[in-house]
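Trainee: Okay, here's the structure, questions in a sec.
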Amino acid sequence: MSHAGDAMTPFEVLAHYEQRSLAHVAGAPEQIEAPGLWRGIGFRVDQRHFVSSIAEVGEILTVPPLTAVPGARSWLLGIANVRGNLVPVIDLRDFIGGGRSTSGESTRVLVVRQQGGSVGLLVDEVLGQRSFSSEQLAASVGEPDGPFSRFVGESVSQGGIDWGLFSMSALARSAQFQQAAA
């Protein structure tokens, strides 16, 4: 490498850029955990706002083509091929008992890892990453909504919106969720 004051050759400039690039791994700032900060993915089902731990949501997809499953409950929309893996897609609103979701431009599928594979949850809208401080979490209140209370232990208020802390693992463990046959 050239000394200070010397002009670098084009090769040295590229090598310097490569070193700087390798020192800053893509996504690194998102991997840094701020003390007392809880992060999750916000989403909407009907008029309710929820957030699930960022560790519980593997990826977010637009609604993929689905193959229907004969003899399944109405909330099992079908099976999707996601990069060679078969993923059942569940209409979360219908599963909870709020009626069938209508697909729109904002409709998304949250892919959730669970024991034995992944499952996709159809939601009305994904609202991006949300962060809550330990003070906000400490001020959380119990979930008032009966149908969701099985999977939402508490709600946190932020920006005038009550965010239900939705446990994907509690959903995946529920007996009703595991019984998709009609």
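Trainee: Tabulate in residue order the Karplus-calculated ³J(HN,Hα) for the stretch 130-142, using 6.51 cos²θ - 1.76 cosθ + 1.60 with θ = phi - 60°, rounded to whole Hz; enter x for Gly and Pro.
Mentor: 10, 10, 10, 7, 5, 5, 5, 5, 5, 8, 5, 10, x
Trainee: Turning to a different aspect of this structure: Defining a contact as two alpha carbons under 8 Å apart and six or more residues distant in sequence, what relative contact order in percent does the stretch 34-178 show? Could the numbers behind the result be given before it?
Mentor: Working: 286 pairs, mean separation 38.4, N = 145.
Computed value for the stretch 34-178: 26 percent relative contact order.
Trainee: Then there's this: Could you work out how far apart the two model spin labels at I60 and Q114 are, taking each label as a point 7 Å from the Cα in the direction of the beta carbon, and quote it in nm?
Mentor: 2.1
Trainee: While we're on this one: Using +1 on the beta carbon of Lys and Arg, -1 on that of Asp and Glu, and nothing else charged, what's the dipole of the stretch 34-178 about the Cα centre, debye to 20?
Mentor: Details: 12 positive and 13 negative charges, 80 e Å.
For the stretch 34-178, the charge dipole is close to 380 debye.
Trainee: With a/c under 1.5 counting as rounded, go ahead and sort the stretch 34-178 into rounded, prolate or oblate using the C-alpha gyration tensor (a ≥ b ≥ c being the square roots of the eigenvalues; past the cut-off, prolate if a/b is larger than b/c, else oblate). Walk me through the intermediate numbers first.
Mentor: Values: a/c = 1.84, a/b = 1.64, b/c = 1.12.
It comes out prolate by the Cα gyration axes.
Trainee: Roughly speaking, what is the stretch gain from A7 to E135, that is 0.36 nm per residue apart minus the C-alpha to C-alpha distance, in nm to one decimal? Working shown, then result.
Mentor: On the way: separation 128, 0.36 × 128 = 46.08 nm, distance 5.27 nm.
Taking 0.36 nm per residue and subtracting the Cα distance, the gain is 40.8 nm.
Trainee: Rounded to the nearest 5, what is the percent of antiparallel bridges among the DSSP beta bridges in the stretch 34-178? Intermediate values should be presented prior to the final figure.
Mentor: Values: 39 of 45 bridges.
Percent antiparallel among DSSP bridges in the stretch 34-178 is about 85.
Trainee: On to the next question. Stretch N81-E154 to full length: gain in nm at 0.36 nm per residue minus the Cα-Cα span?
Mentor: On the way: separation 73, 0.36 × 73 = 26.28 nm, distance 3.40 nm.
Net length gain for the segment: 22.9 nm.
Trainee: Residue by residue through the stretch 107-117, what is 3J(HN,Hα) from phi via Karplus (6.51 cos²θ - 1.76 cosθ + 1.60, θ = phi - 60°)? Round to whole Hz and write x for glycine and proline.
Mentor: 5, 9, 10, 8, 8, 10, 7, 9, 4, x, x
Trainee: With labels modelled as points extended 7 Å from the Cα through the Cβ direction, what inter-label distance (nm, one decimal) is found for S106 paired with A72?
Mentor: 2.6
Taken together, the values in this text are just the output of simple stated rules run on the coordinates, not laboratory data. Please read all numbers here as calculations on a predicted model, not as lab measurements. Don't worry about glycine lacking a Cβ; one is built from the backbone with ideal geometry, like all the others, and counts go over all protein chains shown.
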